[in-house]
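**Student:** Submitted below is the structure of interest, expressed as structure tokens.
Values quoted throughout were computed directly from the atomic coordinates according to the rules given, and no laboratory measurement underlies them. Small disclaimer: the values here were computed from a predicted structure and weren't measured. No Cβ is skipped: glycine too gets one built from the backbone with ideal geometry, and neighbour counts run over all protein chains shown.
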Amino acid sequence: MLTIALSKGRILKQTLPLLDKAGLKIADTELNSRKLILNSNFDDVKVIVIRATDVPVFVQHGAADMGIVGKDVLLEHGAEGLFELLDLGIAKCQLMLAASNKNKLKQHNLKVATKYINTAKRYFEAQSKSCEIIKLYGAMELAPVVGLAHCIVDLVETGNTLKANGLTPFAHIADISSRLVVNIAAFKTKNVHIKTWIQAIEKNL
Ligand code: ATP
Ligand code: PRP
């Protein structure tokens, strides 16, 4: 049996066609049900659809053998206990540092609003810059506008959200796309099964 953890939301919409092309189908009746473990067209493959931030946790602990999740979430999690085997090239965006103007970044007690607290800490440590990280769960762009923070670390795709809130990106932190990850132990014990699916997905990217 192989269990695959999929990230809900934006990534799921782009993942299902990739799996479909690889031959793995999940019926709409399964996807629209309240069930948490979904059947696929293969008896030996089950799918769980969970919050993106939970995907590396399930895979790390072996509760799922494989997972599909954004690189942003992996950077934040640390990717301990899992192999990142494929870049699926979907849900592409960039992790950026943004502020209303460059002078804001020169503050001594720089306040940074983000949901990526570990990644942001690492970024500022690498710049030898001390900062206070303010953890938010969404609407990061609001923080500089209302004076909660001097700058933000957040995902940028079109740049429309930054622009609409008077913010400019000043530094690129990472390129983001969704990755296929595998539990390290499962990669050994279920190697043939896992490799078969990875090859099928990769062939159709
Ligand atoms: P949660 O509900 O768990 O808080 P979320 O609301 O951030 O998650 P989504 O927006 O559905 O969830 O998906 C976020 C993922 O999609 C990110 O982790 C990232 O990898 C990817 N992504 C691609 N483009 C964007 C974008 N423009 N904004 C945000 N995330 C994006
Ligand atoms: C994401 C991200 C940015 C925006 C970037 O927000 O956090 O706010 O999209 O995309 P853009 O550059 O194309 O404007 P999302 O819509 O997922 O909302 P949330 O983070 O507040 O949940």
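**Student:** Please compute the contact order of the stretch 138-205 in relative form: average sequence separation of alpha-carbon pairs under 8 Å and at least six residues apart, divided by the residue count, as a percent.
**Tutor:** It rounds to 18 percent for the stretch 138-205.
**Student:** Further question: Taking R0 as 45 Å, what's the FRET efficiency between Thr196 and Asn103 from their Cβ-Cβ distance, rounded to 0.05?
**Tutor:** Step by step, r from the Cβ atoms, then E = 0.25.
**Student:** Same structure again: Determine the gain in length on full extension of the stretch Ala185-Tyr137; use 0.36 nm per residue of separation and subtract their C-alpha separation, reporting nm with one decimal.
**Tutor:** 14.1 nm
**Student:** As an exercise, identify the trypsin sites (Lys or Arg not before Pro) in the stretch 29-76 lying in DSSP coil whose Cβ has no more than 15 other Cβ atoms within 10 Å.
**Tutor:** Answer in residue order: Arg34, Lys35, Arg51.
**Student:** When the convex hull of the C-alpha atoms of the stretch 35-154 is computed, what volume per residue in Å³ does it have?
**Tutor:** Value for the stretch 35-154: 135 Å³ per residue.
**Student:** So what's the angle, to the nearest 10 degrees on a 0 to 90 scale, between helix 10-21 and the longest Cα principal axis of the chain?
**Tutor:** 30 degrees
**Student:** Longest span of the chain, sites excluded, free of GluC sites (Glu not before Pro) in DSSP loop with at most 14 other C-beta atoms within 10 Å?
**Tutor:** Excluding the exposed sites themselves, the longest stretch runs over 1-79.
**Student:** Hey, another quick one. Please work out the FRET efficiency for the pair Asp20 and Asp175, using the Cβ-Cβ distance as r and a Förster radius of 30 Å; give the result to the nearest 0.05.
**Tutor:** Efficiency at R0 = 30 Å is approximately 0.70.
**Student:** Sticking with this one: With angles folded into 0 to 90 degrees, how steeply does helix 191-203 sit against the dominant principal axis of the chain? Use alpha carbons for both and round to 10.
**Tutor:** Result, in degrees: 70.
**Student:** For a quick check: with amide H placed at 1.01 Å from N, whose amide H comes under 5 Å from Glu132's, ignoring anything fewer than 5 positions away on the same chain?
**Tutor:** Leu110, Lys111, Val112
**Student:** Another question about this same structure. Quick one: Cα centre-to-centre distance for the stretch 103-176 and the stretch 1-29, in angstrom?
**Tutor:** What the calculation gives is 32 Å, centre to centre.
**Student:** Any idea what angle helix 117-126 forms with the longest principal axis of the chain, computed on alpha-carbon atoms, 0 to 90 degrees, nearest 10?
**Tutor:** It works out to around 60 degrees.
**Student:** Determine, for Thr196, Thr114, the number of other Cβ atoms within 10 Å of each Cβ, and report the residues in order from fewest to most.
**Tutor:** Thr196, Thr114
**Student:** Sticking with this one: P(r) of the stretch 95-167 in 5 Å steps, Cα pairs, percent per bin?
**Tutor:** 3, 18, 32, 28, 15, 4, 0
**Student:** Then there is this: On a 20 Å Cα-Cα criterion, which of the cross-link pairs Lys25/Lys92; Lys92/Lys129; Lys8/Lys135; Lys13/Lys92 come out too long?
**Tutor:** Among Lys25/Lys92; Lys92/Lys129; Lys8/Lys135; Lys13/Lys92, the Cα-Cα distance tops 20 Å for Lys25/Lys92; Lys92/Lys129; Lys8/Lys135.
**Student:** Would you calculate the convex hull of the Cα atoms in the chain and tell me its volume per residue in Å³?
**Tutor:** Measuring per residue, one finds 123 Å³ for the Cα hull of the chain.
**Student:** Just want to confirm a number: the relative contact order over the chain, from Cα pairs under 8 angstrom separated by 6+ residues, in percent.
**Tutor:** 28 percent
**Student:** Continuing with this model, one more query. Please report the antiparallel percentage of DSSP beta bridges with both residues in the stretch 93-175, rounded to the nearest 5.
**Tutor:** Once the DSSP bridges in the stretch 93-175 are tallied, antiparallel ones form about 65 percent.
**Student:** Whose amide H sits under 5 Å from the amide H of Arg179, counting only residues 5 or more places off or on another chain, with H placed in the peptide plane?
**Tutor:** Here the answer is Val69, Gly70, Lys71, Leu88, since their amide H atoms fall under 5 Å of that of Arg179.
**Student:** Right, next: In what order do Ser33, Ser177 fall by count of nearby beta-carbon atoms within 10 Å, going from fewest to most?
**Tutor:** Ser33, Ser177
**Student:** Shifting gears a bit: Please report the antiparallel percentage of DSSP beta bridges with both residues in the chain, rounded to the nearest 5.
**Tutor:** So the antiparallel bridges in the chain amount to around 60 percent.
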